[in-house]
Amino acid sequence: MKINALIATQADQPLRAGQADIRDLQADDVRIEILYCGVCHSDLHMARNEWGVSRYPLVPGHEIVGRVAAMGDNVTKFSVGQTVGVGVMVDSCGECHFCQQQEEQYCEAGFTPTYNGTDKYTGHTTFGGYAQYVIADQHFVVTVPDNLALNAVAPLLCAGVTVWSPLQHFNVKAGDRVGVVGLGGLGHMAVRLASALGADVTLFTTSPSKGEDARRLGAKNVVVSRDPAQMAACQASLDIILDCVAAPHDLDPYLNTLKTNGQLVLVGIPDRPHPSPNVTPMVFRRLSISGTSIGSIQETQQMLDFCGQHNITADVEMITGDAIETAFTRMLEGDVKYRFVIDMQKTHW
């Protein structure tokens with residue numbers, strides 16, 4: 001099936017409107033007419049081949065909200081016209097240890113990414129959400145609460161679940177003291193979700209001007225990480241930190257703010273390694289550094305349901321597909337609060 005899409009044809013060329021082919025409907029498939037798609041920083045990395053794995057033509061986008069347009073014969077969970085979402089994955093092996101325990105993001109065979117993956121039915125490249133339609137196995141489609149603004153739901157499918165997953169894995173609960181490093185697409189969702197869970201949230205930022213916004217989102221404390229006095233004042237005070245910064249930085253100042261048995265969880269991926277941390281405080285206070293990748297389908301649905309109950313969405317700025325290159329430029333400059341979302345209904349093909 002031919003669809004209209006925003007296509008990257010090579011690393012040094014802008015995305016342009018064109019046509020792409022998606023596979024014919026299989027028995028377990030859901031075909032979704034895309035209403036909105038969030039713009040994740042990884043979309044820019046992939047469009048420009050900054051990770052060296054991009055295959056062209058490439059259609060980015062993995063924060064997708066839309067309506068069910070068609071279904072395969074085996075699909076029973078959904079109905080035509082229903083509002084649904086698709087995140088970073090559209091398939092996995094379904095058989096390995098991780099798939100069997102509902103952790104498809106760690107599939108031993110490698111999950112099939114929404115774009116730039118290999119379609120197991122055709123062997124062709126998967127195409128993402130900067131398009132009219134997307135196809136996914138029904139297991140990888142989630143339902144969207146009716147009470148939420150659909151355009152502001154789109155970033156939850158990646159940014160939201162990426163921070164929700166460690167909050168759940170480490171059993172963050174009311175009264176816990178949670179640190180969040182960075183107030184961007186991931187960080188603003190971490191503040192919002194952790195505070196909704198009842199945690200006492202501290203935001204670490206290099207920008208004092210972000211303090212007011214952090215408190216609006218639910219942070220109780222704001223610490224300017226470049227201020228040694230402010231960092232010293234919160235030493236050994238936090239249970240867990242979600243580090244949402246995707247640039248290399250010194251982890252030691254954040255380790256120093258953790259209590260004994262504290263966790264520093266990395267969710268941002270820098271383009272080169274962080275400096276090695278000092279092992280001494282880790283040994284003497286039994287501190288841990290870990291990483292976490294997106295979230296499972298089960299966690300994604302759980303997160304969406306929680307957001308529906310607490311009326312949580314992302315802070316978004318709407319664009320049309322024609323403005324994607326401008327959005328990429330502004331994103332590089334940190335000029336967005338806090339996620340661009342493409343309105344596919346207003347995009348000119």
Accessible area (Å², 1.4 Å probe, nearest 10) - ARG16: 130
Considering Cα pairs under 8 angstrom that are at least six residues apart, work out the relative contact order of the stretch 160-291 and quote it in whole percent. 21
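Tally Lys/Arg at +1 and Asp/Glu at -1 over every other residue whose Cβ is under 14 Å from the Cβ of PRO281; what's the total? Mind showing how you got there, number by number?
Numbers: positive: LYS259, ARG285, ARG286; negative: ASP250, ASP252.
Around PRO281, the charge tally is +1.
Which value, in Å², gives the accessible area per residue of the stretch 1-148 when a 1.4 Å probe is used on the protein heavy atoms? Could the numbers behind the result be given before it?
Numbers: 6190 Å² over 148 residues.
The answer is 42 Å² per residue.
Estimate the FRET efficiency between LYS77 and ASN171 by the formula 1/(1 + (r/R0)^6), using the beta-carbon distance for r and 25 Å for R0, to the nearest 0.05.
Working: r = 29 Å, r/R0 = 1.14.
Efficiency, rounded to the nearest 0.05: 0.30.
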Please sort 256-262, 326-332 by packing, taking for each peptide the average over its residues of neighbouring beta carbons within 10 angstrom, highest first. 256-262, 326-332
Work out the charge dipole of the stretch 160-291 with +1 on the Cβ of Lys and Arg and -1 on the Cβ of Asp and Glu about the Cα centre, then indicate which of TRP164, GLY268, GLY184 is farthest towards its positive end. TRP164
List the extent of the Cα atoms of the stretch 160-291 along each of their three principal axes, largest first, rounded to whole Å. 36, 31, 30
Report LYS337's accessible area, 1.4 Å probe, all protein chains in place, as a number in Å² to the nearest 10. 130
In terms of the ratio Rg/(2.2 N^0.38 Å) built on C-alpha atoms, what value belongs to the chain? 0.98
I need two numbers for the stretch 213-252: Rg to one decimal and Dmax as a whole number, Cα atoms only, in Å. 11.4, 28
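Provide the FRET efficiency to the nearest 0.05 for the LYS259-ASN147 pair, computing r from the beta carbons and using R0 = 30 Å.
Calculated transfer efficiency: 0.20.
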Pop out the ³J(HN,Hα) list for the stretch 40-53 in order, Karplus 6.51 cos²θ - 1.76 cosθ + 1.60 with θ = phi - 60°, rounded to Hz; leave Gly and Pro as x. 8, 4, 5, 4, 5, 3, 6, 4, 9, 6, 6, 9, x, 10
Considering only TYR133, GLY94, PRO228, whose Cα is most displaced toward the positive end of the charge dipole of the chain, charges sitting on Cβ of Lys, Arg (+1) and Asp, Glu (-1)? PRO228
For q = 0.13 Å⁻¹, what log10 I(q)/I(0) does the stretch 9-130 give under the Debye formula with an equal point scatterer on each alpha carbon and no solvent? -0.56
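Give the percent of DSSP beta bridges with both residues in the chain that are antiparallel, rounded to the nearest 5. Please list the in-between numbers first.
Working: 33 of 59 bridges.
Within the chain, antiparallel bridges account for around 55 percent of the total.
Place a +1 charge on the Cβ of each Lys and Arg in the chain and a -1 charge on the Cβ of each Asp and Glu, then give the dipole magnitude about the Cα centre in debye, rounded to the nearest 20. Before the final figure, lay out each step's value.
Details: 25 positive and 37 negative charges, 153 e Å.
For the chain, the charge dipole is close to 740 debye.
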Give me the distance in nm between label points sitting 7 Å out from Cα along the Cα-to-Cβ direction at HIS97 and ALA236, one decimal. 3.7
When the accessible area of the chain is split by element with a 1.4 Å probe, what percent falls to carbon and sulfur? 48
Accessible surface of TRP164 - all protein chains present, 1.4 Å probe, nearest 10 Å²: 10
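Quote the FRET efficiency, to the nearest 0.05, computed for ARG216 versus ARG23 with a Förster distance R0 of 30 Å and r equal to the Cβ-Cβ distance. Mind dumping the intermediate values first?
Details: r = 44 Å, r/R0 = 1.45.
The pair ARG216/ARG23 has a calculated efficiency of 0.10.
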Tally Lys and Arg at +1 and Asp and Glu at -1 over the other residues with C-beta under 15 Å from the C-beta of SER54: what net charge comes out? -2
In nanometres, what is the gap between the two model label sites at GLN10 and THR280, each 7 Å from Cα along Cα-to-Cβ? 5.3
Taking amide H positions as placed in the peptide plane 1.01 Å from N, state which residues far from VAL88 in sequence (5 or more) or on other chains have amide H under 5 Å from it. none
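Please identify the longest segment of the chain free of exposed GluC sites (Glu not before Pro), where exposed means a DSSP state other than H, G, I, E or B and no more than 16 other Cβ atoms within 10 Å. Intermediate values should be presented prior to the final figure.
Working: sites that count: GLU50, GLU95, GLU108, GLU333.
Here the longest segment lacking exposed loop sites spans 109-332.
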Going toward the positive end of the dipole of the chain, with +1 on Lys and Arg Cβ and -1 on Asp and Glu Cβ, which of VAL30, THR292, SER54 do you reach last? THR292
Quick check for me: using +1 on Lys/Arg Cβ and -1 on Asp/Glu Cβ, what's the dipole size of the stretch 160-291 about its Cα centre, in debye to the nearest 20? 240
At GLU108 and GLU33, where each label point lies 7 Å from the Cα along Cα→Cβ, what is the point-to-point distance in nanometres? 4.2
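The values are calculated or read from the model by the stated rules, or taken from the named source; none is laboratory data. The shown structure was predicted, so the numbers you read here are calculated from the model rather than taken from an experiment. Cβ: placed from backbone, ideal geometry, glycine included. Neighbour counts: every protein chain shown. We work out accessible area using only protein heavy atoms, side chains counted, and drop any ligands, DNA or RNA first. Shrake-Rupley method; radii C 1.70, N 1.55, O 1.52, S 1.80 Å.
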